[in-house]
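One structure is given here, and the rest of the page talks about it.
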Amino acid sequence: MEEMSYFQPSFSMPPIPPSVLVPRSITQTRPRTPPRTRPQTQPQTRPETKPETRPHYPAITDGDEYYSHSSNFTPLTSMIIMKYMGIDSSEKGNQIGPGERIKLVRMLYKQALKDSEVRDEIFEQISKKTRNGLDRQHLIRAWELMYLCASCMPPSKDIGGNLSEYIHDVVHNADTYPDVQVLAMNALNALKCSVKVGPRHTVPCREEIEALLIGKKLTIKVFLLDETYEEISYHMATTVSNVVEEVAGIIKLSPYSNFSLFECRKSPEPGNEEYIGLDDKKYIGDLLAEFKLTKDPSKGEISQCKLTFKKKLFLESDEAITDPIFVQPNYYMFNYNMIIF
């Protein structure tokens, strides 16, 4: 028996297929999947930020323009109020003369007459200053400014009631200084009138403001149809209704509800007159300002304007009135043939 070799297998192995022995071609390699790519997005750019700029407030000038955006001028308004009262850091109350105070008041008027929000801001700041324990001189200036503002521009309904109540309490407070009490009473009376009539349409002139500050009365001539006239005193808050009442009292005309003021315009041509009825709530100061602006642009001549007191229209009930004072204006109206229908 032949001896088996240790390394010789005792069984026969099947042949290996050639396909197994042949290595894969490089072209037969498994295709690689393309790498995942993120969707391309536009680079996020931050919006350009402009450097922060503070609002520009106009300098205190005596210009004639009106300011319309109340929120932009609150700091300027506060500065004017403090300067008027003399509590500004750069001024003292004794150093501000009447001319400077008139200038500051006109600046407040120019800002506030056409902006109710600015008017409310002014009244709120003044009333706040009067509660802060000011000394007597500054307190007088504060109530003086309150009186000037209440004379030609009312607050809105939002604060009008509370403001009137506060001024009323100051007037009737036993601890109030006598001169402050007088100014508060004047402010309360002026406030009652301006609330009914509304704000002035034109900025009060320097003469009106000065007259109110020193208690001076300005005068105007009111003509009757017989070419006579009466000199009537007026101030910043005087209206057509106030003048009609005063004229009726001077000539002792008791039933004057049917009488009013008319603007008589005389053109350069002789005999050409026009009578324009005036609203009872119109301010005399606004009316006089319009007189100054009434010009002929071609000739540069100021047309002659005057105030005339006469009857609005005739009523059947007028025939029963025999008072000579009442009959005389009617006679002149018939004589001048100026019946207004």
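Any read-out appearing in this document is the output of simple, stated calculations on the displayed coordinates, not a laboratory observation. Here the structure is a predicted model, which is why all the values come from computation and not from measurement. Virtual Cβ from ideal backbone geometry, glycine too; neighbours counted across all protein chains shown.
Can you sort Val197, Val240 by how many other beta carbons sit within 10 Å, fewest first?
With the fewest neighbours first, Val197, Val240 line up as Val197, Val240.
Rounded, prolate or oblate: which fits the range 70-200, taking a ≥ b ≥ c as square roots of the Cα gyration tensor eigenvalues, rounded meaning a/c under 1.5, else prolate when a/b beats b/c?
Judged from the Cα gyration tensor, the range 70-200 comes out oblate (a/c at least 1.5, b/c at or above a/b).
Order of Cys152, Cys193 from fewest to most other C-beta atoms within 10 Å?
So the residues, fewest neighbours to most, are Cys193, Cys152.
Would you mind checking Lys110/Lys282; Lys83/Lys129; Lys110/Lys266; Lys221/Lys266 for any pair whose Cα atoms are more than 21 angstrom apart?
Cα-Cα > 21 Å for Lys110/Lys266; rest within.
Based on the Cβ-Cβ distance of Lys196 and Glu100, what FRET efficiency does E = 1/(1 + (r/R0)^6) give at R0 = 45 Å, to the nearest 0.05? Show your work: numbers first, answer last.
Working: r = 32 Å, r/R0 = 0.71.
Calculated value: 0.90.
Starting from 0.36 nm per residue, how many nanometres of slack lie between Lys281 and Glu246 once their C-alpha separation is accounted for?
Result for the pair: 11.1 nm of gain on full extension.
What whole number of Å gives the distance from the Cα centroid of the range 270-292 to the Cα centroid of the range 118-185?
Comparing the Cα centres of the range 118-185 and the range 270-292, I get a distance of 33 Å.
When the chain is fully extended, how far beyond the present Cα-Cα distance does Thr219 get from Glu274, taking 0.36 nm per residue of separation?
Contour length minus Cα-Cα distance gives 17.4 nm.
Measuring from label point to label point, each 7 Å out along Cα→Cβ, what is the Asp226 to Glu124 span in nm?
Here the modelled spin labels are 5.7 nm apart.
Give, as ranges by residue number, the residues of the range 93-126 whose backbone N falls under 17 Å from the point 7 Å along Cα→Cβ of Asn162.
Counting only backbone N, you get 117-126.
Work out, step by step, the length gained on full extension between Glu290 and Lys114: first 0.36 nm times the residue separation, then minus their alpha carbon distance; give nm to one decimal.
Extending this stretch completely gives an extra 61.6 nm.
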